[in-house]
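The values are calculated or read from the model by the stated rules, or taken from the named source; none is laboratory data. The model shown is predicted, which means the values in this text are computed figures rather than measured ones. Here Cβ is always computed from backbone atoms with ideal geometry, including for glycine, and neighbour counts include all displayed protein chains. Areas reflect the complete protein model, heavy atoms only, side chains present, ligands, DNA and RNA absent. Shrake-Rupley method; radii C 1.70, N 1.55, O 1.52, S 1.80 Å.
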Amino acid sequence: PRYRPDWASLDARPLPAWFDRAKVGVFVHWGVFSVPAWGSEWFWWHWQGLHDAACERFVRRRFPPGTTYAEFAPLFTAHDFQPRQWAQLFQRAGARYVVLTTKHHEGFTNWGSPVSWNWNSVDTGPHRDLVGELGEALRESNLRYGLYHSLMEWFNPLYLADKQSDFKTQNFVLKKTMPELYDLVLKYKPDVIWSDGDWEAPDSYWNSTSFLAWLYNDSPVKDTVVVNDRWGRGCSCRHGGFYNCADKYRPGTLPEHKWEMCSSLDRLSWGYRSNMSLAEVMDETSMIEELVQTVSFGGNYLLNVGPTKEGVIVPIFQERLLALGRWLDTNGEAIYESQPWRVQMENTTDMVWYTSKGPLVFAIFLFWPQDSVLCLSSPIPSPDTQVTLLGFSGTLKWQNQPGKGMLITLPYIVPSPLPPQSGWAVKLEGVK
């Protein structure tokens, strides 16, 4: 069927199946904001939009008098950017897709946008097509490629004029936003379009529905592309493909619609900060907990890193990504291609979470029980029930729990001075 440029028609499009199966992605926030590398990727807005005193002090201390934001662009060098190394890292992290910022609210494009003269990564800064280079490397590694794109630009005169007219004019959309979106799709054939920067104006201003109708009907990625829900004021959690709802969104119950939780390893920023401290970086336990809870509730987990202006993913971020990958090497069977089970978590504790695959049920427990006996009240066992622990050979002994559920005797683990890894999964066969 051809999709009409209205939400009733567009929202009826089935989500391409690859996205739900993928479960794990990596988000990359990279741009001119990586040059000051201070506060967050909203640096320009805090400095020039809000005239934040701390930002103004920072610029006075570090840069010559009269410095403008535009002068940061040549310092965004990407000297050490090695797309193949990034792709290998993301693959080892267990990601099945990667989403790169092609353009944040600052308007600087990480490819040679024909309508962003001299404010793009080919004309200035790296003098490289960052979007294209990463895309090639990811596809070599069989990873799907998503493009983050901000509809709005804080200080673009065309946008400010449209805003002044209460969005009755659309010069910015017709001359900048839409030409760039079409260019990105035709040039890079993305698997995901991760839209943002939509909140000030309605979707009718952005021409979102006509773009999506073209995307779903006639674009080169019409059968595979997936989009999120940020297409205009009031669209979030209501319209589009999968729902983001809000940054770091965590539903308390199973949502009816496919969704994604985006989270950042640096708890205080999406872009790189040179003054980030270790305490501000998410630890392995929190990362695994977020992943498990998200997938149990039917979501995808998109974990963000912010590279430096040179294109380095700092070692602490690499370490966390590799830890996630090691965990998934052992427990991925309970995550990838799984479905929410009839119960998402044990109601007695938020330390046991469930996923399923056909008749198989996985119970993922975040802390090792003290007496090595795992008590599950939700599964209903049968005489044929078999229990295995992912990453261990052999089956585990279990017995009916008085009342309901089952008690599983876990293998003995040799005490270690190091804290144990976070999260294990038991596979239950023959339970209801």
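Taking the Cα centre of the chain as reference, the dipole from Cβ charges on Lys and Arg (+1) and Asp and Glu (-1) amounts to some 340 debye. With Rh defined as the Kirkwood radius, the inverse of the mean 1/r over Cα pairs, the Rg/Rh of region 131-192 is 1.14.
Over the chain, with the other protein chains present, what is the accessible area per residue in square angstrom, probe 1.4 angstrom?
Working: 18350 Å² over 432 residues.
Per residue, the chain has an accessible area of 42 Å².
For the chain, the longest principal axis of the Cα atoms and the long axis of helix 284-296 meet at an angle of about 80 degrees. Note on Lys163: aspartates and glutamates with a C-alpha under 15 Å away, same-chain residues under 8 apart excluded, are Glu153, Asp198, Glu200, Asp203. Enter the angle in degrees (range 0 to 90, nearest 10) between the Cα long axis of helix 83-92 and the first principal axis of the Cα atoms of the chain, meaning the one along which they spread out most. The angle comes out near 20 degrees.
In this rough spin-label picture, where each label sits 7 Å from Cα along the Cβ direction, the Ala279-Cys375 distance is 3.6 nm.
I want to verify the translational diffusion coefficient of region 276-432 in µm²/s; compute it with Stokes-Einstein, Rh as the Kirkwood radius over Cα pairs, at 37 °C and 0.692 mPa s. Intermediate values should be presented prior to the final figure.
Details: Rh = 16.8 Å.
Once the numbers are plugged in, D ends up at 195 µm²/s.
Between the helical axis of 178-188 and the longest alpha-carbon principal axis of the chain there is an angle of about 60 degrees. Only DSSP H runs of four or more residues enter the estimate; each adds -39500 (n - 2.57), and after division by the residues of the chain the mean residue ellipticity at 222 nm equals -7000 deg cm²/dmol. Peptides 164-171, 237-244 ordered by packing proxy, namely the average of other Cβ atoms within 10 Å per residue, highest first: 237-244, 164-171. For Lys222, no residue whose modelled amide H falls within less than 5 Å of its own remains once neighbours fewer than 5 places apart on the same chain are excluded. For region 107-178, the relative contact order works out to 23 percent when only alpha carbon pairs closer than 8 Å and six or more residues apart are counted.
Among the protein heavy atoms, those of His257 account for about 70 Å² of accessible surface (1.4 Å probe, every chain in place). Cα-based radius of gyration for region 237-334, normalised by 2.2 N^0.38 Å, reads 1.15. A viscosity of 1.567 mPa s and a temperature of 4 °C, combined with the Kirkwood radius over Cα pairs in Stokes-Einstein, give a translational diffusion coefficient for the chain of 56 µm²/s.
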